[in-house]
Structures are given as C-alpha cells and as structure tokens.
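Asks: Following this message is one structure expressed as structure tokens.
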Amino acid sequence: MSLDFRLVVDRGAFRLDLALAVAPGEVVALLGPNGAGKSTALRALAGLTPLTDGHIRWDGRDLHTLPPESRPTGMVFQEYLLFPHLSALDNVAFGPRSHGASRAGSRRTAALWLERVGLAGQAGERPGRLSGGQAQRVALARALAVDPSLLLLDEPLAALDAHTRLEIRSALRRHLADFPGATVMVTHDPLDAMVLADRLVVIEGGTIVQEGGPAEIARRPRTDYVARLVGLNLYRGTGSDRAVKLEALTLATADRVEGPAHVAFPPSAVALYRTRPDGSPRNLWEGVIDGLEQHGDNIRVRLTGPLDAAADVTPAAVAALDLTPGARVWVSVKATETRAYPA
Amino acid sequence: MTATIATGLCLVFGVPLAWFLARVDFRGRRLVRALVTVPLVLPPVVGGVALLLVLGRNGLAGRWLDAAFGLTLPFTTAGVVLAEAFVAMPFLVISVEGALRAADPRYEEAAATLGASRWTVFRRVTLPMIMPGVVAGAVLCWARALGEFGATITFAGNFPGKTQTMPLAVYLALETDPDAAIVLSLVLLAVSVAVLALLRDRWVSTS
C-alpha cells in the first residue's frame with residue numbers, strides 16, 4: 001500500500017514532470033523556489049489541475065481518472081479557505097457530511113477532530129473570528145476529518161507569524177506522525193521542510209533536482225538554490241584525490257573524490273585577513289568585498305573575486321579589519337571544514 | 001402579487017443561467033448574455049409585441065402550445081407573470097452573475113476536495129457566499145416587475161381582476177377617478193421606498 005505517481009502538466013512553455021513514490025506514514029516535502037511547479041503538483045494530485053500525462057496510483061488503484069470529490073485526499077490550502085458562512089464545527093463537518101454521514105454523525109466526527117487539534121472551545125466561531133493559528137488548525141482538522149489516504153498540505157505555515165509558526169509547527173508534526181496515510185507537503189521554507197518531513201524533494205523548473213533525507217540535503221546540496229537554502233557555499237569542479245579543481249583555483253578538501261565533484265563549506269568556515277596570513281593555509285585567495293548584511297548575531301560578508309563566497313564574521317571583526325564594500329581581503333578556508341562529493 | 005410570482009420565476013431560471021454565464025465557458029456565451037440583457041434596453045412595449053409574436057395565439061410557439069395543451073398565455077394572469085419576468089429577469093441575472101464572478105472559486109475547489117458533488121458545492125458553498133447578490137438582484141427584479149407597464153398591457157391587456165396590475169390601474173384611474181389614482185400611486189411609492197430602504201440596509205451590512 002503506497003502512493004506512486006508521475007505528474008506531467010503542460011502550461012504554455014512550462015512543463016512539470018515529476019515521478020515519486022510515497023510510503024504510508026511517510027511525509028514528503030516538495031521544496032523549491034517560486035514558480036518551480038510545487039503548487040501545480042499538489043493541485044494535480046488533488047485533481048484540481050488536469051494531468052497532461054502520467055498517473056496517480058494508491059494501493060494499485062488509479063486515482064488520476066477520478067474527479068476531485070471522489071479521490072481519497074484531504075487538502076490544507078495555503079490561505080486555509082475555511083467557508084466564511086459556516087462555524088468552525090460545520091467547516092470540519094462539511095467533509096464527513098459530503099461523504100454521506102448524517103448531520104449528527106458528521107458533527108460528532110467534527111467535534112472529535114476539533115478536540116484533537118485543541119479547539120473544542122471554538123467550535124461555534126465563524127472563521128473570521130479565529131486567529132491565524134486557530135484557522136490553520138481548523139483547516140487541518142477539516143482535511144483529516146474525511147479520513148483521507150493522502151494528505152496534501154500547501155504551504156501550511158506560510159500565513160502565520162513567527163511565534164505562532166513555532167507552536168503550530170510542532171503541533172503539526174505530532175498530527176503528521178499520527179497520520180497513517182501518505183503526506184505530500186509543499187513549502188519554500190527549509191526549516192518547515194526539515195522539521196516536518198521524512199524526505200525532501202527539491203524541484204526547480206518543473207523537475208526534481210535533488211531528493212533525500214533532511215540531513216543528507218543539508219550536508220550535500222546539489223544546486224545553488226539548495227545551497228543557499230541551507231546556507232552553504234557550493235562549487236562544482238573536477239576532483240582528483242584530496243582536491244577539487246575549480247575554474248579559477250583548486251580547493252584542497254578533506255574528502256577524497258575523483259571526477260566531477262561538488263565542494264561545499266559553511267560561511268562560518270571562511271576566515272578573512274587584511275594582510276596575507278602567515279603559516280599559509282592551503283586554501284587562500286584574494287577577494288573583494290561585495291556587500292555586508294546582518295545575519296543572526298554575525299555579519300555575512302559577500303565576496304567576489306576568483307570565487308564568489310559568503311563569510312560569517314563577528315561585528316567586532318568587521319570593525320577591527322575595517323571591512324567595507326570594495327575592500328580587498330585575503331580569504332582562507334580550512335580543508336577540514338570542506339565537504340567534497342561526486343556531482 | 002404577480003410581481004412576486006414573476007420574481008420567483010426569475011430566481012428559478014435566472015440563478016442557474018447566471019451560474020452558467022459566470023462559470024461555464026461555452027461558445028456563444030456573449031450572444032446568450034446579449035439576449036439576456038436585451039429586455040433592459042428594449043422599450044417594454046416592443047418586448048410585449050415580441051412576446052405576442054412568439055407566444056400569441058398565432059405566434060411561433062403559442063400556436064403549438066395551444067394545439068398541444070390548449071394553453072393560451074396572452075391576456076391571462078400567467079401572461080402578466082411572463083411579461084413581468086421577461087422584463088425583470090436581466091436585473092437578477094446581471095446581479096447574480098456579478099456576485100458569482102466576485103466569489104473566489106477556490107472555495108469551491110476546497111469543497112470538492114472534501115468530497116462534495118457539484119450540486120452540494122453550489123448549494124452549501126456557492127449559494128450562501130453569493131446570497132447578498134441574489135437578494136439584491138431579487139429585490140431589483142421584484143421592483144421592476146411591480147412597476148411594469150408596457151410589456152404587460154401589450155401582451156396581457158388590462159382586464160380588472162385578471163390581468164390588471166397596479167400601474168395599469170393607476171393609468172386607468174387617472175382618466176376616470178383622479179383621487180383613486182393618487183391613492184394607488186402613493187401606495188406604490190410607499191412600497192417602493194420601503195423595499196429600496198431594506199435593500200440599502202442589506203448592502204450596507206454586507207459591505
């Protein structure tokens with residue numbers, strides 16, 4: 001029993017084409033920049049956008065031939081789309097009622113789900129009177145109340161403020177852990193994806209560019225987008241033994257790699273000097289400061305030169321080294337802080 | 001009285017027609033929309049003539065109706081209702097279609113993912129969301145039907161107790177008994193003002 005699908009959707013010049021299998025109980029996050037086709041994929045799974053080609057199968061049964069109302073899916077929309085004229089209870093009861101439950105039966109199911117998401121006290125409220133976090137939980141309860149095999153979440157936390165988000169994220173994680181079916185979630189927030197999903201699938205330009213566990217993706221990004229997402233410097237070159245030859249220079253690495261390879265290192269592993277440092281670390285080059293920006297407690301320095309890179313330094317170091325845009329600095333990275341892996 | 005029945009008739013046919021115009025993309029939609037709004041620009045007397053030509057005893061459809069069911073519409077109470085509905089329908093259709101276009105179709109999609117059939121979606125999601133538009137349209141429609149003169153007198157005539165409507169009675173009374181005409185006019189004025197005042201409240205409370 002599992003979900004497997006191949007979605008092909010043509011939209012003018014844009015073509016979405018991705019194939020994936022999701023096990024029951026598994027949470028897969030589709031991650032990607034705007035316009036990558038994440039939401040289109042989710043709509044296609046729900047039956048709201050027709051497939052140009054491909055299939056959706058659950059437990060060997062074809063779902064792509066069914067209209068949206070006959071698919072065993074529950075969907076949480078980005079703006080929740082709670083029916084404004086119905087109370088929270090009736091919103092949740094809408095699904096069971098549409099599936100043929102009696103009025104009283106569907107209300108009992110709805111009350112149970114509202115209690116599970118901790119909103120038993122808000123059952124009679126109209127959506128307009130609920131806070132963002134409460135509305136999100138009602139939307140989740142409404143999707144789960146139809147007892148779906150496939151749960152679809154479209155940017156489930158995007159509409160929440162930072163504080164509520166933290167709270168709802170951990171609550172959502174608990175509900176997803178209890179959910180026995182397959183879950184496909186769309187997000188552009190790497191943190192949401194890493195916390196909530198068992199597996200990340202990165203989509204760019206309508207196709208899958210990388211997939212794997214959160215730790216794997218964070219350690220070994222394969223595209224600039226993923227690298228930026230997880231905050232790493234990423235380069236592509238040719239490996240030979242413990243070095244990767246890039247266009248302008250060769251980086252010494254701790255890992256042994258042969259042939260086409262990626263090298264990645266975090267901005268915190270980059271050290272900056274005003275004068276050429278003694279003891280010559282193996283990876284040293286002269287760069288130009290392109291810009292400075294606040295990044296947490298540190299300052300992130302954007303560098304150009306033979307290699308575009310980001311470096312994190314303390315505000316004190318910025319002052320002591322007199323780092324200003326346009327200044328030339330020596331840049332070094334310890335080989336032991338880099339990671340090299342086949343491309 | 002006939003205005004109310006005419007409004008009911010408009011609701012039964014007008015709301016589905018508006019839904020069709022707003023949500024289904026079909027060939028000739030512009031033509032249908034133009035036909036629906038024709039009574040709005042047509043002088044009502046011309047509308048009455050058109051109705052007579054189509055549904056009159058010797059009209060295109062009227063002849064057939066007469067032969068098959070022994071049904072004649074002109075110069076009957078049913079004829080009055082029909083004439084009023086014909087003239088008042090555009091107000092309802094335009095108002096409801098506007099409300100449908102303004103309503104977010106994603107709510108309907110959400111309802112579909114919850115297992116609701118098209119009819120359930122319309123009844124439990126779409127209709128409640130466009131209700132202010134339907135009410136506004138129905139009131140305008142009713143007001144137009146109430147004041148209808150031209151199409152009614154052309155198509156249904158002016159038989160007291162059968163096809164005589166308020167405006168027709170006023171017109172007749174003006175020639176025989178001016179005082180009665182003034183009283184009738186005042187009644188019509190009061191009813192119209194009351195309805196429009198209610199409608200305005202509705203608009204204010206929903207906006």
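All of the numbers you see were taken from the coordinates with simple rules; none came from a lab. A quick note: this is a predicted structure, and the numbers were derived from the prediction, not measured. Note that each Cβ is placed from the backbone with ideal geometry, even for glycine, and that neighbours are counted across all protein chains shown.
Asks: First check a/c for the protein assembly as shown, with a ≥ b ≥ c the square roots of the eigenvalues of its C-alpha gyration tensor; if it is under 1.5, answer rounded, and if not, answer prolate when a/b is larger than b/c or oblate otherwise.
Replies: It is prolate, given that a/c is not under 1.5 and a/b is the larger ratio.
Asks: Only Lys, Arg, Asp and Glu count, each charged at its Cβ (+1, +1, -1, -1), so figure out the dipole size of the range B:2-157 about its Cα centre, rounded to 20 debye.
Replies: The calculation lands at about 320 debye.
Asks: Quick check on the range A:116-249: take the gyration tensor over C-alpha atoms, sort the square-rooted eigenvalues as a ≥ b ≥ c, and tell me if it's rounded (a/c under 1.5), prolate or oblate.
Replies: Working: a/c = 3.30, a/b = 2.52, b/c = 1.31.
Verdict is prolate for the range A:116-249.
Asks: Only four residue types carry charge here, +1 at the Cβ of Lys and Arg and -1 at the Cβ of Asp and Glu. Report the dipole size of the protein assembly as shown about the Cα centre in Debye, rounded to the nearest 20.
Replies: 600
Asks: Which whole-Hz couplings ³J(HN,Hα) result when phi for each residue of the range A:327-339 is put into the Karplus expression 6.51 cos²θ - 1.76 cosθ + 1.60, θ = phi - 60°, listed in order with x for Gly and Pro?
Replies: Ordered by residue, 3J(HN,Hα) equals 6, 9, 9, 8, 10, 9, 9, 5, 4, 5, 9, 9, 10 Hz.
Asks: Order of B:Thr7, A:Thr250, B:Thr77 from fewest to most other C-beta atoms within 10 Å?
Replies: Arranged by neighbour count, lowest to highest, B:Thr7, A:Thr250, B:Thr77 become A:Thr250, B:Thr77, B:Thr7.
Asks: Let me ask you something else. Please list, in order along the range A:200-212, the HN-Hα scalar couplings obtained from phi with the Karplus expression 6.51 cos²θ - 1.76 cosθ + 1.60 (θ = phi - 60°), rounded to whole Hz, x for Gly and Pro.
Replies: These are the phi-based 3J(HN,Hα) values: 9, 10, 8, 10, 9, x, x, 10, 6, 9, 6, 8, x Hz.
Asks: Okay, moving on. In deg cm²/dmol, rounded to 500, what helix-only [θ] at 222 nm does the protein assembly as shown give when every DSSP H run of at least 4 residues adds -39500 (n - 2.57) and the total is split over its residues?
Replies: -14500 deg cm²/dmol
Asks: If you count, for every residue in B:114-127, the Cβ atoms of partner chains within 10 Å of its Cβ, what is the mean?
Replies: Whole-number average of other-chain Cβ neighbours for B:114-127 is 5.
Asks: Additional query: Dipole of the protein assembly as shown (Lys/Arg Cβ +1, Asp/Glu Cβ -1, origin at the Cα centre): which of A:Ala141, A:Gly60, A:Thr40 lies farthest to the positive side?
Replies: A:Gly60
Asks: Suppose a student asked you for the relative contact order of the range B:1-83, using Cα pairs under 8 Å spaced at least 6 residues apart; what percent would you report?
Replies: Relative CO of the range B:1-83 lands at 27 percent.
Asks: What percent do you get for the relative contact order of the range A:8-78 when only Cα pairs under 8 Å and 6+ apart count?
Replies: Numbers: 51 pairs, mean separation 18.5, N = 71.
After rounding, I find 26 percent.
Asks: Under the definition of Cα pairs under 8 Å and six or more residues apart, what whole-number percent is the relative contact order of the range B:2-157?
Replies: Values: 200 pairs, mean separation 62.1, N = 156.
Result for the range B:2-157 is 40 percent.
Asks: According to the square roots a ≥ b ≥ c of the eigenvalues of the Cα gyration tensor, what is the shape class of the range B:2-157, taking rounded for a/c under 1.5, prolate for a/b larger than b/c otherwise, and oblate for the remainder? Don't skip to the answer; put the middle values down first.
Replies: Values: a/c = 2.29, a/b = 1.99, b/c = 1.15.
Note, shape of the range B:2-157 comes out prolate.
Asks: Report, for the protein assembly as shown, the % of DSSP beta bridges that are antiparallel, rounded to 5.
Replies: That works out to approximately 75 percent antiparallel.
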